[in-house]
1. With N set to the residue count of the range 8-56, report its C-alpha Rg divided by 2.2 N^0.38 Å to two decimal places.
2. With Cβ to Cβ distances under 15 Å as the rule, what net charge do the other residues near Val28 carry (K, R +1; D, E -1)?
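We did not get these values from a lab; they are worked out from the coordinates using the rules stated. None of the values given here were measured: they were computed from a predicted structure. Backbone-built Cβ (ideal geometry, glycine too); neighbour counts: all protein chains shown.
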Amino acid sequence: MAQWKPDPTFYPSPLLAMQAPPEKIAYVVAFNPNSDGRPDALTVVDVVPGSPTYGQLVGRLDMPTAGDELHHFGWNACSSALCPYAPHPHIERRYLV
């Protein structure tokens, strides 16, 4: 459901983004550019320095079908679209797999 306030995950300046608490995990799209029939995947990377699994994949979800694309195809909303000054500041991030 659309909200009538800017998305709180958008930082209007680099300084405010740097002052935010650090992320503990990163969602990373893993593209398969080969035509070997394997689908793209959404992976999870540990980004906590000092963690025993720092920098490693700690999760992976393959898309159900080869050719499914995760970026800019309804699965997410880019941060730039969430800018309060953009034409659509109330767009939602949705469909987190």
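1. Ratio of Cα Rg to 2.2 N^0.38 Å: 1.57.
2. Taking every other residue near Val28 into account, the sum is -3.
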